[in-house]
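Below is one structure, written out as structure tokens, with a few remarks after it.
The values are calculated or read from the model by the stated rules, or taken from the named source; none is laboratory data. Owing to the predicted nature of the structure, the values given are computational and were not obtained by experimental measurement. In this analysis, Cβ positions are derived from the backbone assuming ideal geometry, glycine residues included, and neighbour counts consider all displayed protein chains.
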Amino acid sequence: MTNATLGHREQEVRVLALEQSGYIGAVLERLSAAGVRVGDRIRVVRGSGEFTGILMPRAQIGADPDHVVVKLDSGYNIGIRVDSNTTVKRLKSPKRVKQSREAVLTPKESLPTVAVLSTGGTIASRVDYQTGAVNPALSAQDLYEAVPELQSHANIRARVVMSKFSEDITPADWATIAKRTAREIRNGADGVVIAHGTDTLALTAAALSFSLQNLPVPVVLVGSQRSSDRPSSDAALNLVAAVDVAGRADAAEVLLVMHGETDDTFTLAHRGTRARKCHTSRRDAFQSINASPVFRVESSEITEMSPPLYRRDPTRRLRVKAKFDDHVALIKMYPGLKPDVIEYLISAGYRGIVLEGTGLGHTPQSIHLAVKQAIDAGVVVAMTSQCIWGRVDMNVYRSGVKLLDIGVVPCQDMLPETALVKLMWLLANTKHIEAARRAMAMPLVGEISYRTELVVSGTGGSE
Amino acid sequence: MPKIDYSKIGLKVGLELHQQLDTSRKLYCHCPPIVRDDPPHGVFVRRLRPTQSEMGEVDPAALFEFQKHMLFYYEYYTDTTCLVEADEEPPHDMDPESIDICLTMAKFLDSVPVDEVHPMRKIVIDGSNTSGFQRTAVIALGGHISVNNRNIGIQTICLEEDAARKITEDEKHSSRTYRLDRLGIPLIEIATAPDIRTPKEAQEVALALGLLLRSTGRVKRGLGTIRQDVNVSIRDGAIIEIKGLQQLELLSKVVELEAMRQIQLLRIRDELARRGINESDLRLELIDITDVFIESASKLIRRALRAGHRVLALRLPGFAGLVGREVQPGRRLGTEFSDYAKFWGGVGGIFHTDELPKYGISQDEVERLRKKVGADSQDAVAIVADAETRARNALEAVFNRAIEALHGVPAETRVPLPDGTTKYARPRPGAERMYPETDVRPVKITAERLARIAKNMPETLQAKAKRFVRQYALSEELAAQITKSLNLDLFEKIVESCSVSPTLVAVTLENTLVSLHRDGVPTEQLSEDHLLSLFRYVEQGLVTPAAIPTILSYVAGHPSATIQDALDVTGVGVLDEDSIRAVVRRTVEERRDFVRSQGERAIGGIMGIVMKDLRGKADGKTVRQIVEQEVRRALVD
């Protein structure tokens, strides 16, 4: 089905309730008493000053009990202190503009069909200039309007799966996203793009990598580091590249597409189990760790940098195993770490622990006993390295040898976060713990490799 | 053109003065606010795209920039720019020092500070801001400044970040290069109400505001650190925003010429009405007249045709004689059409029949093209020779501008040209282009902060000049000069620490240094310590005023030398009385006959000769005393 026709749609201007708009305490009482709502035109008289403008919400900039925020006719916002000498008067309500749009998008035969699933984040959002709120772009029409050139890259089927900040995404959400992705593939999409906040983007990518098996087409996660309401946003370049990869790349695996460098030049498609957010704010925050990116996309030209796990094959039958056991913890090793952290996890019924060890995969000796107790209690304990780059090797030093003897599973060159997701997935999808332990140390979807090359092109840059 | 009666035409002028602040950090990051000329350390490239308002509207100017597929190159310095300027890190908190300077100005201007400062994003996608917007915040509202006993209202005092500096523009490859050094330097923007009534008054108000800003002692100096936007309208005209005027002395002329332009455009409107032309007469029908020019002698057109371009024409009914009418010196309505064509079509310009035959286009060609587009003698025709799409866009823009001519003056943003005329820059942006900067927390302006500002108000330069006249007996002219000088602080330091004539200090700093510099002396090598030390020598009577230029010249040429070194080398040190007496005695001796014949009247002449010999080595009072004594002694003999 490639029908991208949108019906008649009406969009209402949503008005925030006063209580949700960041006003608290005395100001909230005063505004309520005056019968004022966000978006109303008000007059505030304070001492000799008189200010007229539209009442703005202040949820995004911090709640405050003393100041109202008013947008003046010049477009500027100012904060006015409200005390006993201040009067607030409502002048009039905003016109409730109902927009109706008749959008008929005729699918183009020559273009691939790509489903774009939105989970939240800033890649697909629009700013409400009246209230300053950022709303998710809801439909294919919204996406086309935000990024008009998308129309010449693919026929888009847009769906909203959820609207969450990525730090709030749970393993249960991974399952939902996996199932919705599978539905789009079964409905004939040539590729699926998932828009997602960047904080936990790589973890969702890993989760989908394990749960979507035997993929016939690519599944591409994408985010943006600069929200799409600003002209300098990286969202459009990333989104167009993601749609290109989803629709045209000769690959069938879970990938993550983001900027390749600070310039608006090319993007990189990283393997879903290998990507990590390595910078808090830069556009090129994501890197492939211990692996090469799979594709480089520049001006819609897709260049293969390393072979994909599988090639595109629409006849392949997708299998979905979208269960996760969230009783798994990830613990970073540090000087002074107490064994009671692990003892608590055992008592709380945790079934897996991923250790982010020091160096080649070590822990302080002080927790060896607790680790042994955990393993004896049937908890799977796996070892990764907090060095991020490189492979764990527990044969070199005594501490490592001892942990191996206790039964800790070495995770080779797997990322700690990927190991966490993998263990959650294994514990929910294997019948016996032993099978989970064995699988943990073996490559399933490119998360582990046994060779590390001398020059790792993590960024695809020239370094 | 006769002198304009500005009250009769209802001239209204408002100013927006932008001044860079001299702070220790930038407004939204911790980089030093330094503009540099050495080669940058690196460059990166970005694109910007228009964002739509909630109503689905996109700013037309923004959209247009995007359609040009512009590439923006940004040059950076690793040690003085950071990820914030590169739009790779969220902005830091607002610089408190900058806010304080704005609050000081608010106090000077009786402007009321807001209780909470909310930074906004103003969309700008010409590439001058890496983010695609400029951050700006209202600090205070209202107030006034009194100039020549007229109160000019202040509308707002805003605090903004300066934009990146444009280094080069490559139209062929649709790219621009900016440098990040200037981006983020704090700018105060003071907007007056449209209360100004004459061009001269505009200049005076700008001057008064500039002086007040300098009174804070915390603003940058030099070319490019102050920029003026001017809003000009006349009755029945429109508000024209003239942006980025850097030479203050051009301000009154710019206002005068804009008033003239609006008067002329209204006359053209009236003439079109008299000719009975209305909107329905104008039709956007572009006619391909390439074949008229197959054998044209016009080099421009021949070159276009060789490149496979077309010649398109637009008939402008009733416009004959008006397109060529001058609206500003050297600029006609046709020039305005051409500006639109260049901006919206990216073409080199247009031809119009009011100026033809010319540029190698023959009378015969003009007649044939007129016939081809069906233009009669009342009509004008605009033509463009370029690639077809560009030519179409250009003539469509001309058509839109012609429609505006029926209504008078279109509201525009214009940029000043060196002769005080202006040219079209872009349509005037609407208010919807502003939304909150949610990455920065609002700043509360507390009563404590305002009390601290009020307690530490600087003396205004005006008050200072008056004090200098009163306290130091400077002439009014010299007082005005020194208060506007970069050497003001040094002047105050010297007169407070040495008991020397303040007039001598002021003259040295303002006149002597300038004339030495003019004579090629590297006065920029002189340090504050040199000057302070020099006046200590003057105070002790070791240096005479006349010796100052010699000493300064020497020290400027030998910056590591002390004033004592200069005295030793140049020999302009003060002579003791015996040495002076010896010189005087010798001189009197040599002119014994002259002294005898003139008697005491010889004193003046001898004085002149001796002073010439002793220039800089002795002060006049001592010399006169000795000359008197020696002449009398000679007469007694």
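Having 2 or more residues that are among the basic types (Lys, Arg) is the bar; report the strands (runs of 3 or more DSSP E) wholly within segment B:284-331 that clear it.
B:310-316
Could you grab me the full set of residues in segment B:165-189 that are touching a strand residue (DSSP E or B) at 6+ places or on another chain (Cβ under 6 Å) and either farther than 18 Å from B:ASP95 by Cβ or at pLDDT below 95 (or both)?
Start the filter on segment B:165-189 by keeping residues that are touching a strand residue (DSSP E or B) at 6+ places or on another chain (Cβ under 6 Å), which leaves B:165-169, B:175-180, B:182, B:184-189.
B:ARG165, B:LYS166, B:ILE167, B:THR168, B:GLU169, B:SER175, B:ARG176, B:THR177, B:TYR178, B:ARG179 - these are the residues of segment B:165-189 that are touching a strand residue (DSSP E or B) at 6+ places or on another chain (Cβ under 6 Å) and either farther than 18 Å from B:ASP95 by Cβ or at pLDDT below 95 (or both).
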Filter result for B:ILE185 (touching a residue at least 40 places away in the same chain (Cβ under 8 Å), more than 14 Å from chain A (Cβ to nearest Cβ) and surrounded by 23 or more Cβ atoms within 10 Å (Cβ to Cβ)): yes
Selection within segment A:49-59 - surrounded by fewer than 15 Cβ atoms within 10 Å (Cβ to Cβ) and either away from chain B (no Cβ under 11 Å) or over 23 Å from A:LEU91 (Cβ atoms) (or both): A:THR52
Scanning segment B:109-139 for residues that are in contact with a Pro (Cβ under 9 Å, 6 or more places away or on another chain) and over 13 Å from A:ARG230 (Cα atoms) gives B:GLU116, B:VAL117, B:HIS118, B:PRO119, B:THR136, B:ALA137, B:ILE139
Just to be sure, is B:LEU504 under 22 Å from B:HIS530 (Cβ atoms), part of a helix (DSSP H, G or I), in contact (Cβ under 8 Å) with a residue 40 or more places away in the chain and not β-branched (Val, Ile, Thr)? yes
Please determine, by comparing only the residues of segment B:83-118 that are within 12 Å of B:THR216 (Cα to Cα) and among the aliphatic types (A, V, I, L, M), which one is farthest from the other protein chains (Cβ to nearest Cβ). B:ILE101
Looking at segment A:434-463, I want the residues that are modelled with pLDDT of 95 or more and among the basic types (Lys, Arg) and have a partner that is buried (at least 16 other Cβ atoms within 10 Å of the Cβ) and part of a loop (DSSP other than H, G, I, E, B) with Cβ atoms under 8 Å, at least 6 apart or on another chain. Which pairs are those? none
Every residue in segment A:261-272 that is surrounded by fewer than 24 Cβ atoms within 10 Å (Cβ to Cβ) and touching a Gly at 6+ places or on another chain (Cβ under 8 Å), please. A:GLU261, A:PHE266
Filtered residues of segment B:478-513 (kept if over 22 Å from B:LEU213 (Cβ atoms) and exposed (fewer than 12 other Cβ atoms within 10 Å of the Cβ)): B:GLU496, B:SER499
Can you tell me which residue in segment B:531-552 is nearest to B:SER501 (Cα to Cα), limited to those that are modelled with pLDDT of 90 or more, surrounded by fewer than 20 Cβ atoms within 10 Å (Cβ to Cβ) and in contact with a Leu (Cβ under 9 Å, 6 or more places away or on another chain)? B:ARG536
Determine which single condition A:CYS411 fails, assuming it passes every other condition in (1) within 18 Å of A:LEU203 (Cβ to Cβ); (2) out of contact with any helix residue (DSSP H, G or I) (no Cβ under 8 Å at 6 or more places or on another chain). (2)
If you take the residues of segment B:121-140 that are over 16 Å from B:GLY184 (Cβ atoms), at pLDDT below 95 and crowded, with 21+ Cβ neighbours inside 10 Å, which of them is nearest to the other protein chains (Cβ to nearest Cβ)? B:ILE125
Being over 18 Å from A:LEU423 (Cα atoms) and not in a loop (DSSP other than H, G, I, E, B) is true for just one of A:VAL371, A:VAL341, A:VAL354, A:VAL396. Which residue is that? A:VAL341
For segment A:215-320, which strands (runs of 3 or more DSSP E) that fit wholly inside it have 2 or more residues that are modelled with pLDDT of 95 or more, within 18 Å of A:ALA205 (Cβ to Cβ) and basic (Lys, Arg)? A:275-277
Pick from segment A:297-356 the residues that are touching a Gly at 6+ places or on another chain (Cβ under 7 Å) and farther than 30 Å from A:ILE367 by Cα: which of them is surrounded by the fewest Cβ atoms within 10 Å (Cβ to Cβ)? A:MET305
Test: B:ILE263 is under 18 Å from B:GLY324 (Cα atoms) and either among the β-branched types (Val, Ile, Thr) or in contact with an Asp or Glu (Cβ under 7 Å, 6 or more places away or on another chain) (or both): yes
State all residues of segment A:221-246 that are within 20 Å of A:ALA189 (Cα to Cα) and more than 14 Å from chain B (Cβ to nearest Cβ); if no residue qualifies, say none. A:LEU221, A:VAL222, A:ALA242, A:VAL243, A:ASP244, A:VAL245, A:ALA246
Test: residue in segment A:186-199 that is surrounded by fewer than 21 Cβ atoms within 10 Å (Cβ to Cβ), touching a helix residue (DSSP H, G or I) at 6+ places or on another chain (Cβ under 7 Å) and not hydroxyl-bearing (Ser, Thr, Tyr): yes
May I ask you to list pairs of residues, at least six apart or on different chains, whose Cβ atoms are under 8 Å apart, with the first in segment B:475-498 being without any contact (Cβ under 8 Å) to a residue 40 or more places away in the chain and the second being assigned to a helix (DSSP H, G or I) and among the acidic types (Asp, Glu)? B:LEU478/B:GLU510; B:GLN481/B:GLU510; B:ILE482/B:GLU510; B:SER485/B:GLU510; B:ASN487/B:GLU510; B:LYS493/B:GLU528
Six or more apart or on different chains, Cβ atoms under 8 Å: show the pairs whose first residue is in segment B:154-167 and within 12 Å of B:PRO186 (Cβ to Cβ) and whose second is assigned to a strand (DSSP E or B) and of a type in the set (Lys, Arg). B:GLU160/B:ARG135; B:GLU161/B:ARG135
